[in-house]
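These notes concern the structure reproduced below.
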Amino acid sequence: MSGQSRRYRAGIIGLSGIAANRQGIESHPALGSLQGGSHAAAYHLVSRADVVAVCELRTELFDTFRSTWGDVWPEVRTYTDYHEMLAQEDLDVLSVVTSDHLHADMVVDAAAAGVPGIFCEKPIATTLADADRMIAACEQHGALLSIDHTRRFRGLWYEVREMVRSETVGRLRAIVMTMGYRRSMLFRNGTHMIDTLSFLSDAEPEWVVAELDDGFEDYGPVYAGDGGTDPRTDPGGYVLLRFRNGVRAQITMPQTEAGSIFGFHLICERGSIFVHDKGAELWAPGADALTVERQTLAVPGYSFGGQRAGIEELVEHIAAREAGREPPAPLLSPGNAGRQTLEILLGILRSHHEGNAKITFPLAGDA
């Protein structure tokens with residue numbers, strides 16, 4: 001069967017969190033489809049993919065999955081051992097939606113089992129050694145590895161980066177990023193923020209200086225969280241980061257109870273751009289030094305985003321391989337980009353642990 005017409009067999013490891021809920025997949029008559037609020041919802045929106053198997057240690061979640069998705073995939077098979085699922089199911093695409101520190105073995109084993117497309121939740125891993133063996137295994141076995149850093153899959157953020165690249169308001173000099181709420185956790189939501197900084201700056205990191213939230217004075221230099229559940233095991237913090245192209249990033253990311261406070265302010269030579277998930281504004285100098293002209297930027301409505309676009313991309317790449325043609329573009333969020341984000345996160349931990357020392361990249365020693 002041709003790559004364009006056949007159905008692609010998908011599996012999901014992990015059924016909690018954003019793995020399997022069904023919110024946010026309705027359509028708007030003018031704006032189109034919402035992105036979908038989970039991996040299962042994303043597969044439902046990808047026209048050529050079917051979830052044929054799921055794996056979870058907590059077997060009560062199988063009943064929840066069937067009640068939520070039984071009308072879509074009534075014959076889905078369930079496993080408590082992902083090795084068995086990989087051996088039995090001949091999967092085309094696999095979502096790894098487990099705790100942060102458990103991704104590595106599952107990705108390595110899936111690549112070795114011949115799964116051609118792997119969509120792994122962020123962060124890629126919690127050690128560089130794990131990230132490196134994941135990337136190496138996928139390269140060795142010809143598997144595609146994509147990391148779910150969701151802003152890489154949303155049109156708004158690409159439009160802003162194109163404005164930066166074209167120097168619409170001059171060369172980018174600095175980025176000020178703020179995020180404050182209860183789950184401002186480095187490895188939970190901070191990984192999204194750090195990855196977005198790398199994406200917008202379009203460069204590799206040079207050095208970092210950091211301090212973590214109060215109460216985490218003895219934290220580091222390695223990850224010591226619980227996989228992404230409890231904010232008390234994963235701090236927020238305050239960071240100064242320089243990229244090799246000279247762009248500086250200032251990050252203020254405390255854990256607070258104030259609700260979600262979030263945004264990126266890109267400061268350029270002739271103006272600036274303020275962007276968050278709901279939209280963006282271009283700020284340009286006004287008639288005098290004390291005024292600013294603000295222009296709201298047109299952004300896509302309910303365009304593809306998050307898990308849907310990541311899975312759609314993997315399916316298209318697999319189909320291209322099967323048809324003997326090149327994919328339309330490189331992967332948007334490849335393993336190497338996820339590794340760079342992880343290295344910055346670990347540099348933040350090391351800087352804090354060493355008394356707010358300046359840490360240069362690449363990191364030396366074990367990480």
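Note on region 139-226: dipole from Cβ charges, positive end direction compared against Val208, Val164, His192; the farthest Cα belongs to Val164. According to the Cα-based calculation, Rg over Rh for the chain is 0.97, with Rh computed by the Kirkwood formula. For region 135-229, the relative contact order is 26 percent, taking Cα pairs closer than 8 Å that sit 6 or more residues apart in sequence and dividing their mean separation by the residue count.
Our note on the geometry: Cα centres of region 209-275 and region 156-189, 12 Å apart.
Largest GNM mean-square fluctuation across Pro231, Pro254, Pro328, computed for the chain with C-alpha springs under 10 Å, falls on Pro328.
Sorted largest first, the spans of the alpha carbon positions of region 34-174 along the three principal axes are 55, 36, 25 Å. If only the Cβ of Lys and Arg carry +1 and only the Cβ of Asp and Glu carry -1, the dipole of the chain around its Cα centre is close to 960 debye. Counting only Cβ charges, +1 for Lys and Arg and -1 for Asp and Glu, the dipole size of region 202-270 around its Cα centre is about 420 debye.
Quick one: check the C-alpha center-to-center distance for region 288-364 versus region 49-127, whole angstrom. The distance from the Cα centre of region 288-364 to that of region 49-127 comes to 23 Å.
Rounded to the nearest 20 debye, the dipole magnitude of region 196-345 is 540 debye, with +1 charges on Lys and Arg beta carbons, -1 on Asp and Glu beta carbons, and the Cα centre as origin. Between Asp288 and Glu322, the modelled labels are 6.7 nm apart [label points 7 Å from Cα along Cα→Cβ]. Comparing Ser95, Ser201, Ser260 in a Gaussian network model of the chain (Cα springs below 10 Å), the most mobile by mean-square fluctuation is Ser260. What is the helix-to-structure angle for 335-353, meaning the angle in degrees between its Cα long axis and the longest Cα principal axis of the chain, kept from 0 to 90 and rounded to the nearest 10? The angle comes out near 50 degrees.
Can you tell which of Ser146, Ser99, Ser16 shows the greatest fluctuation in a Gaussian network model of the chain with Cα springs below 10 Å? It is Ser16. Treating r as the C-beta distance of Arg7 and Arg133 and R0 as 30 Å, the FRET efficiency rounds to 0.45. Remark: spin-label model distance Ala258-Glu206 equals 3.1 nm, labels positioned 7 Å along the Cα→Cβ axis. Per-residue ellipticity at 222 nm, computed for the chain from helices alone with -39500 (n - 2.57) per DSSP H run of at least four residues, works out to -9000 deg cm²/dmol.
Compared with the alpha-carbon gap, the fully stretched path from Asp277 to Arg77 is longer by 68.4 nm at 0.36 nm per residue. Region 74-116: Rg/Rh from Cα coordinates, Kirkwood Rh? That ratio is 0.95, to two decimals.
By definition, a body whose alpha carbon gyration tensor gives a ≥ b ≥ c is oblate when a/c is 1.5 or more and a/b is not larger than b/c, and region 121-234 fits this oblate description. Full extension of the chain between Arg173 and Ser47 gives 41.2 nm of extra length, using 0.36 nm per residue less the Cα-Cα distance.
Label region 229-312 by shape, choosing from rounded, prolate and oblate, from the square roots a ≥ b ≥ c of the eigenvalues of the Cα gyration tensor; if a/c is under 1.5 it is rounded, and otherwise prolate applies when a/b is larger than b/c, oblate when it is not. It is oblate, given that a/c is not under 1.5 and a/b is not larger than b/c.
The orientation-averaged shadow of the Cα convex hull for region 197-239, equal to a quarter of the hull surface, comes to 4.0 nm².
Toward the positive end of the charge dipole of the chain, with +1 on the Cβ of Lys and Arg and -1 on the Cβ of Asp and Glu, the farthest Cα among Gly236, Leu331, Thr78 is that of Leu331.
Taking the longest Cα principal axis of the chain as reference, the axis of helix 191-201 is set at about 60 degrees.
Net charge of the neighbourhood of Ala174, taken over other residues with C-beta under 15 Å away and scored Lys/Arg +1, Asp/Glu -1, is +2.
Couplings 3J(HN,Hα) of region 258-264, computed from phi: 7, x, 6, 10, 8, x, 10 Hz, in residue order, whole Hz [Karplus 6.51 cos²θ - 1.76 cosθ + 1.60, θ = phi - 60°; x for Gly and Pro].
Laboratory data are not the source of any read-out in this text; all were calculated from the coordinates shown. Quick caveat: nothing in here was measured; it's all calculated off a predicted structure. Neighbour counts run over all protein chains shown; Cβ positions are idealised from the backbone, glycine included.
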